[in-house]
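Q: Shown below is the structure under consideration.
Coordinate-derived values only; no laboratory data. The model shown is predicted, which means the values in this text are computed figures rather than measured ones. Reconstructed Cβ throughout: ideal geometry from the backbone, glycine too, with neighbour counts over all protein chains shown.
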Amino acid sequence: MQDFVRQKNIENLRKQLAGEQLDAAQRRFAERMLAEELAKRDSPCMPRFKERDDRGGSAL
C-alpha cells in the first residue's frame with residue numbers, strides 16, 4: 001500500500017513541477033518532496049524494527 005501511495009505522490013509532484021502554477025517557494029518544496037519520495041522508493045527495504053541488544057540476559 002505504501003508503494004502505491006508513494007507512486008501517486010511522485011506522479012502528482014511531477015505533474016505540479018511540469019506546470020506553471022507554482023511560485024519559487026512552492027517549486028523548491030515540491031522538488032524537495034519529490035527527491036525524498038524518489039529516495040524512499042529507490043532505497044533498499046529496511047527492517048521495521050531494530051534487533052534488540054539483549055546483553056542483560058532478560059527472558060523475552
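Q: I'd like the Karplus ³J(HN,Hα) series for the range 24-38: coefficients 6.51, -1.76, 1.60, θ = phi - 60°, whole numbers in Hz, and an x wherever there's a Gly or Pro.
A: 4, 5, 5, 5, 4, 4, 5, 5, 5, 5, 4, 4, 5, 5, 5
Q: What nm distance separates the two modelled labels at Lys40 and Arg28, each placed 7 Å from Cα along Cα→Cβ?
A: The two pseudo-label positions are separated by 2.2 nm.
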